[in-house]
Amino acid sequence: TDLSCNALSGEIPPEIGSFSEIQALNLSYNKFTGSIPETFSNLSQIESLDLSHNSLNGSIPTQLIELNSLAVFSVAHNNLSGKTPDFTRQFATFEESSYEGNPFLCGPPLPKSCYDAGSPSSSMRDFKEQEEEDDVGWIDMSIFCTSFWASYGTFFLA
């Protein structure tokens, strides 16, 4: 079932999880919000699940590791947080690209470790570190303004 690129919005209906015969579900490139329904763990025949490029939040339901037929999985470019599903069974085959674009996700196969990830202080520390990385290459505005006014004043006083 391909419902991608349809500007669908709101929460993903949990009732979709009752359609156990679905083999592929593509809800990518929509405007879905809320969390991934835990009922998706009932999609026992699903081989491909693409929820990428939405605005989903919360954690990835741990029950999804029970989807034994799952060969393609993507939740990339959402707002998900917490630990990735256990790196076991079919989830051991999914690469970093399946999860990219979710800065608050951690755990394999992502490079970000989950140790202490739940504490507010580590989240704030991660945010500050990211801010510092983003500032690399930018001029400190106070130094720039001081230099500018010093040059400007020298030019007109000379």
Review point. What is the dipole size for segment 1-81, taken about its Cα centre, with +1 at each Lys and Arg Cβ and -1 at each Asp and Glu Cβ, in debye to the nearest 20?
Key: 240
Revision key, fill the gap. Under the 7 Å Cα-to-Cβ spin-label approximation, S9 and E96 lie apart by a distance in nanometres of 3.4
Study note, to complete from the structure: Subtracting the Cα-Cα distance of N79 and K112 from 0.36 nm times their residue separation yields 10.3 nm
Point to revise | Per-residue ³J(HN,Hα) for segment 74-82, Karplus 6.51 cos²θ - 1.76 cosθ + 1.60, θ = phi - 60°, Hz, x for Gly and Pro | key: 8, 10, 4, 6, 10, 10, 6, 9, x
Review point. What is the distance, in nm, between label points placed 7 Å from the Cα along the Cα-to-Cβ direction at F104 and at A71?
Key: 3.5
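First compute the accessible area of segment 1-68 with a 1.4 Å probe, then give the percent of it belonging to carbon and sulfur atoms. Mind dumping the intermediate values first?
On the way: 1630 of 3460 Å².
Using a 1.4 Å probe with all protein chains present, segment 1-68 comes out at 47 percent carbon and sulfur.
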Review point. What accessible area, in Å² to the nearest ten, does a 1.4 Å probe give for H77?
Key: 70
Point to revise | Calculated diffusion of segment 28-79, Stokes-Einstein form, Kirkwood radius summed over Cα pairs, 25 °C and 0.890 mPa s, µm²/s | key: 219
Exercise for review: Please identify every one of the GluC sites (Glu not before Pro) in segment 1-73 that sits in a loop by DSSP and has no more than 11 other beta carbons within 10 Å of its own beta carbon.
Suggested key: E21
Revision key, fill the gap. Quick calc of log₁₀ I(q)/I(0), segment 1-99, Debye, one scatterer on every Cα, no solvent, q values 0.17 1/Å, result -0.68
Exercise for review: Collect residues whose amide H, placed 1.01 Å from N in the peptide plane, falls under 5 Å from the amide H of L8; neighbours closer than 5 in sequence don't count.
Suggested key: K31
Review point. By accessible area of protein heavy atoms, probe 1.4 Å, what ranking do K31, K83, K112 get, highest first?
Key: K31, K83, K112
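The values are calculated or read from the model by the stated rules, or taken from the named source; none is laboratory data. All of these numbers come straight from a predicted model, not from anything done at the bench. FYI the Cβ positions are ideal-geometry reconstructions off the backbone, even for glycines, and counts take in every protein chain you see. Calculation scope for accessible area: heavy atoms of the full protein, side chains included, ligands and nucleic acids excluded. Shrake-Rupley method; radii C 1.70, N 1.55, O 1.52, S 1.80 Å.
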